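Novice: Here it is: the structure, laid out below.
The values are calculated or read from the model by the stated rules, or taken from the named source; none is laboratory data. The structure displayed is predicted, hence computed values, not measured ones. For neighbour counting, all protein chains shown are included, and Cβ atoms are generated from backbone atoms with ideal geometry for every residue, glycine included.
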Amino acid sequence: MNKQNYARPQLILLVALRVAIGWHLMYEGVVKIFQPTWSSYGYLMDSKGWFSGFFQNMAANPGVLNVVDFLNVWGLTLIGFALITGLFSRVAKIGAMVMLLFYFIAHPPLMMADYIFPGEGSYLWVNKNLIELLAVAVLFVFPTGHIIGIDRLINNYRKK
């Protein structure tokens, strides 16, 4: 795909969506970096649904929990940065979708699920993690990093 395939408003909105999601993910990661006591332990132990045992087992193993915390903090930060700047944007979008899928299945919006951490609203089947995952999937099939982003500079350099 090239720039000619998008109308100007389409390109502006796709880039704005990419940057907004990138900002959200990066900020979530940066906040966790500056909270040295932060851990995903509580979130994982509070998991409900079909995969709750998987997430609770991750939390129960200190070594695995350390890896999960590291990947979560730095994954959010680096994926967010990559989306904002349009750097390795294809890989960043895949990473974002994987992380958001894990967040969604760890805390699915089920009718009878009662979570310790209060939600931001009332959800059934669809929540902000699923919506953000679908938005990243849209960005994946309508890429913009090669038009507005560092990926464009990299592609231009490779062509020379």
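Novice: Say we look at the range 99-119 and pick out the residues that are under 16 Å from Leu44 (Cβ atoms), surrounded by 14 or more Cβ atoms within 10 Å (Cβ to Cβ) and out of contact with any helix residue (DSSP H, G or I) (no Cβ under 7 Å at 6 or more places or on another chain); which of these is modelled with the lowest pLDDT?
Specialist: Ranking the candidates gives Ala113 first.
Novice: Follow-up. How many of the residues in the range 81-97 are surrounded by fewer than 18 Cβ atoms within 10 Å (Cβ to Cβ) and under 11 Å from Pro143 (Cα atoms)?
Specialist: Of the residues in that region, 1 qualify.
Novice: Now a separate question. Among the listed residues Leu71, Leu76, identify the single one that is under 19 Å from the mean Cα position of the chain (by Cα) and within 20 Å of Arg18 (Cβ to Cβ).
Specialist: Details: Leu71 fails: within 20 Å of Arg18 (Cβ to Cβ).
Matching residue, one of Leu71, Leu76: Leu76.
Novice: Run His24 past the list (1) in contact with a Phe, Trp or Tyr (Cβ under 6 Å, 6 or more places away or on another chain); (2) touching a residue at least 40 places away in the same chain (Cβ under 8 Å) and report the number of the one that doesn't hold.
Specialist: His24 satisfies all of (1) in contact with a Phe, Trp or Tyr (Cβ under 6 Å, 6 or more places away or on another chain); (2) touching a residue at least 40 places away in the same chain (Cβ under 8 Å) except (1).
Novice: Which one is modelled with the lowest pLDDT, of the residues in the range 1-29 that are hydrophobic (A, V, I, L, M, F, W, C) and surrounded by 15 or more Cβ atoms within 10 Å (Cβ to Cβ)? Don't jump to the end; show me each part of the working.
Specialist: Quick first cut of the range 1-29, residues hydrophobic (A, V, I, L, M, F, W, C) only: 1, 7, 11-17, 19-21, 23, 25-26.
Narrowing further to those that are surrounded by 15 or more Cβ atoms within 10 Å (Cβ to Cβ): 11, 14-15, 17, 19, 21, 25-26.
On the way: Leu11: 93, Leu14: 96, Val15: 96, Leu17: 97, Val19: 97, Ile21: 98, Leu25: 98, Met26: 98.
The extreme case among them is Leu11.
Novice: Here's another thing I want to ask about it. Pull out all pairs, ordered by first then second residue, where Cβ-Cβ is under 7 Å, the residues are six or more apart or on different chains, the first lies in the range 41-55 and is under 23 Å from Val73 (Cβ atoms) and modelled with pLDDT of 90 or more, and the second is outside any loop (DSSP other than H, G, I, E, B) and acidic (Asp, Glu).
Specialist: From residues that are under 23 Å from Val73 (Cβ atoms) and modelled with pLDDT of 90 or more, there are no pairs.
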